[in-house]
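Below is one structure, written out as structure tokens; comments come after it.
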Amino acid sequence: MATTTKAGAKPAAKSKTGKMEDSEFHEFFVDELKDIYWAEKHLLKALPKMKKAATSTELAAAFHKHTEETNTHIATLEKVFELLDEKPQAKKCDAMEGLLKEADGIIEDTDAGTMIRDAGLILAAQKVEHYEIATYGTLRVFAQTMGHNDVAELLQITLDNEKATDVALTTVAESFINEQAAAE
Ligand code: FE
Ligand code: FE
């Protein structure tokens, strides 16, 4: 038999009107959308810097491509806010701020023109992609749970792109960067 385990054993959250849009979970969902919206905007500013710092043209090209894709992720989130009848507001994401600080640190700690620099930049970028994959994966499930299938579909498209970016970065790393970094 199925059991529900809910700490605190509060009755199922229902709003005064009983509408999903007014529920606490919906509010929480929108808040998390604002968080990833801030994260994507912050990343959009950081990617050109990472591109400039890259040693290889391959990695620079990967960062360039993902800058354009990140622009699309931002536009997609704006569409999501619109579908939910919410204002697109950015709410500071501490995690993305930290991840991008780490990327800055890697640039400071490595010499320009080296493959160790690129190996480090890929590490930083993949941490960012995995953060985005975790976020979009969970938010997509939230959207589905609440019956926002149109929103879920949009979040899935971005999720697929983040996953593809992660794979592309691994391919660049394994093609020659890691090997050359090890020889430096
Ligand atoms: Fe993104
Ligand atoms: Fe991304």
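The values are calculated or read from the model by the stated rules, or taken from the named source; none is laboratory data. All of these numbers come straight from a predicted model, not from anything done at the bench. Neighbour counts are summed over all protein chains in view; Cβ atoms, including those assigned to glycine, are modelled from backbone coordinates with ideal geometry. Just the protein is used for accessible areas: all its heavy atoms, side chains included, with ligands, DNA and RNA removed. Shrake-Rupley method; radii C 1.70, N 1.55, O 1.52, S 1.80 Å.
Points to keep in mind about this one:
- Residue pairs whose Cβ atoms lie under 8 Å apart, separated by 6 or more positions or on different chains, with the first residue in the stretch 156-184 and outside any helix (DSSP H, G or I) and the second open to solvent by less than 70 Å² (accessible area, probe 1.4 Å) and at pLDDT 95 or above, are E184/T114; E184/M115.
- Remark: pairs (first residue in the stretch 41-61, open to solvent by 20 Å² or more (accessible area, probe 1.4 Å); second residue of a type in the set (S, T, Y); Cβ separation under 9 Å; 6+ apart in sequence or on different chains) = K41/T70; L44/T67; L44/T70; P48/T67; K51/T67; T55/T114; E58/S175.
- Residue list for the stretch 101-130, restricted to those being within 16 Å of ligand 1 (Cβ to nearest atom) and touching a helix residue (DSSP H, G or I) at 6+ places or on another chain (Cβ under 6 Å): A103, A124, A125, Q126, K127, V128, E129
- Within the stretch 84-120, being surrounded by 14 or more Cβ atoms within 10 Å (Cβ to Cβ), among the polar types (S, T, N, Q) and in contact (Cβ under 8 Å) with a residue 12 or more places away in the chain holds for one residue alone: T114.
- Residue tally, condition open to solvent by less than 10 Å² (accessible area, probe 1.4 Å), more than 14 Å from ligand 2 (Cβ to nearest atom) and under 26 Å from H64 (Cβ atoms), over the stretch 122-170: 0
- All positions within the stretch 153-184 that are among the β-branched types (V, I, T), within 16 Å of ligand 1 (Cβ to nearest atom) and in contact with a helix residue (DSSP H, G or I) (Cβ under 6 Å, 6 or more places away or on another chain): T158, T165
- Among the conditions (1) within 14 Å of ligand 1 (Cβ to nearest atom); (2) outside any helix (DSSP H, G or I), the only one that E68 does not satisfy is (2).
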